[in-house]
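Heads up, the thing below is written out as structure tokens.
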Amino acid sequence: MAKINENYSKLPGNYLFSEIARRIQAYQANHPEADIIRLGIGDVTQPLVPAVIDAFHRGVTEMGHAETFRGYGPEQGYDFLIEKIIENDFKPLGVHLDMDEVFISDGAKCDTGNIQEIFSQDSIIAVTDPVYPVYVDSNVMAGRSGALGPDGRYERIVYLACTEANGLKPDLPKVPVDLIYLCFPNNPTGMTLKKDELKVWVDYARANRAVILFDAAYEAFIQEPDIPHSIYEIEGAKEVAIEFRSFSKTAGFTGTRCAYTVVPKTVMAYDSAGKAHSLNKLWLRRQTTKFNGVSYPIQVAAAAVYSPEGQAQIKAVIDYYMTNARIIREGLTQAGFKVYGGVNAPYIWLKTPDHLSSWEFFDKLLSEVQVVGTPGAGFGPSGEGYFRLTAFGSRENTERAMERIRSLKL
Ligand SMILES: *Cc1c(COP(=O)(O)O)cnc(C)c1O
């Protein structure tokens, strides 16, 4: 008899986005003429830039000729892309990486979801709360979570609350943990850590032989100096941190799929006898067994992101989104909201007015001004009382939504 992995039964339904869709549909059914503006979208909307498209075409054409056709590539990615990544994303930060420390993949979602496989079943994981759900759910599936409690927290997961009380920056865990997921700039709060703030985490991990899983999917949105783009800018991080990057938000690859993960050879974890093992070796083994690489034309397209034209073109797109972020941030502030993020990230995290719950505020925005965002409670218990808007909409819709929100009766 085939039996299921019962850990899957511990997962709540994918309630957040289906519930949002259900409420929009219900509203639309009663108000067929309503012009609803969606600022809840967590996906890019601008097309791939010309430099990327040209390279993509070149890669496809090469696949159609015997002399340039390519079959299976290296599972870890082609050297031409890895070289460009090291040269452009790390060298200017003073970070030296070897070619075999960078692993090209089809997404940071997959990598952040899969990385837990190389750690012990009894690892204690810590996540910030609110959180990108992949970190939690992938550990639930693997059997590390324990049961989901009535307060919305799994009994064996350590939640690092990020609320107004700590300026939405996590405090060190009060109990010992083995793996720490950090995402900065953060989705959903849009917050960042400065170098000295991130150093506290690196020092903690070094002192406790923990590993930091650092999601830097939004580093390209950083505008201010003194915000680290990579955790390896922090002294000692190459001993304790794995970093995830993605072309998804940086260069509009959400539908194209390309990302990479950095696993320095100096990052160690320990077996039950206390012997140190290089996580680079384990991740290489995992990837070469379960993954067959990103397609050649897509890696050619990703490499074009680093050409001078590519860099200028993606910067223009990021500037477009960050102007939206500024419009939202300023609009909300003028309307009297308390807002976070939106300075170094395409996400704006606002405190709901009048102690409304996240969902009450969702309903108010939808019914009174026909604007849709994402209830903070959907990202974790500490997201209750907060609400996320994103800068990925069009300029026109962003401006119209802010006009409407300013007219809202609070
Ligand atoms: C969008 C996003 C990613 C990127 O995922 P891909 O699989 O590379 O598209 C990673 N982490 C966070 C927190 C994100 O919001």
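Within the listed set 37, 242, 328, the residue fluctuating most in the Gaussian network model of the chain (springs between alpha-carbon atoms under 10 angstrom) is 37.
Calculated [222 nm] ellipticity per residue, helices only, for the chain: -10500 deg cm²/dmol; basis is -39500 (n - 2.57) per DSSP H run with n ≥ 4, divided by all residues, nearest 500. Model label points for residue 312 and residue 61, set 7 angstrom from Cα along the Cα-to-Cβ axis, are 2.2 nm apart. Within region 266-331, the ratio Rg/Rh, alpha carbon atoms throughout and Rh by Kirkwood, equals 1.27. Of the beta bridges in the chain, as assigned by DSSP with both residues counted there, near 55 percent are antiparallel. Applied to region 246-257, the Karplus parametrisation 6.51 cos²θ - 1.76 cosθ + 1.60 on θ = phi - 60° returns per-residue 3J(HN,Hα) values of 8, 7, 4, 8, 4, 9, x, 8, 4, x, 9, 6 Hz, with x for Gly and Pro.
Overall shape of region 53-307 was characterised from the C-alpha gyration tensor. The equivalent ellipsoid obtained from it has semi-axes of 31, 20, 18 Å, in decreasing order.
If you look at the Cα atoms of region 209-270, you get an Rg and a Dmax of 12.9, 38 Å.
Checking every one of the GluC sites (Glu not before Pro) in region 150-198 against DSSP loop status and a limit of 15 other Cβ atoms within 10 Å picks out 155. Here each label is just a point 7 Å from Cα along the line to Cβ, and for residue 410 and residue 121 those points are 5.2 nm apart. Measuring max minus min along each principal axis, the C-alpha atoms of region 222-310 give extents of 51, 38, 19 Å (largest first). At the listed q of 0.11, 0.21 Å⁻¹, the Debye profile of region 127-271, built from one uniform point per Cα, gives log10 I(q)/I(0) equal to -0.42, -1.52.
Taking a point 7 Å from the Cα of residue 275 along the Cα-to-Cβ direction, the residues of region 234-269 with backbone N closer than 20 Å to it are 265-269.
Computed over Cα pairs, the Kirkwood radius of region 12-115 leads via Stokes-Einstein (0.890 mPa s, 25 °C) to a diffusion coefficient of 131 µm² per second. Excluding the sites themselves, what is the longest stretch of the chain that contains no trypsin sites (Lys or Arg not before Pro) in a DSSP loop with at most 16 other C-beta atoms within 10 Å? My reading of the result: 71-155 is the longest stretch.
Across region 216-225, rounded Karplus estimates of 3J(HN,Hα) from the backbone phi angles (6.51 cos²θ - 1.76 cosθ + 1.60, θ = phi - 60°) give 10, 4, 10, 4, 5, 8, 5, 10, 8, x Hz, Gly and Pro being marked x.
Look at the alpha carbon pairs under 8 Å that are at least 6 residues apart: their mean separation over the length of region 7-144 gives a relative contact order of 29 percent. Each residue, residue 356 and residue 175, gets one label point 7 Å from its Cα in the Cβ direction; the gap between the two is 3.6 nm. Measuring spread by the Cα atoms of region 269-410 yields a radius of gyration and Dmax of 21.5, 64 Å.
Bear in mind these aren't lab numbers, they're just calculated from the coordinates by the rules spelled out. This is a predicted model, so every value here is computed, not measured. Backbone-built Cβ (ideal geometry, glycine too); neighbour counts: all protein chains shown.
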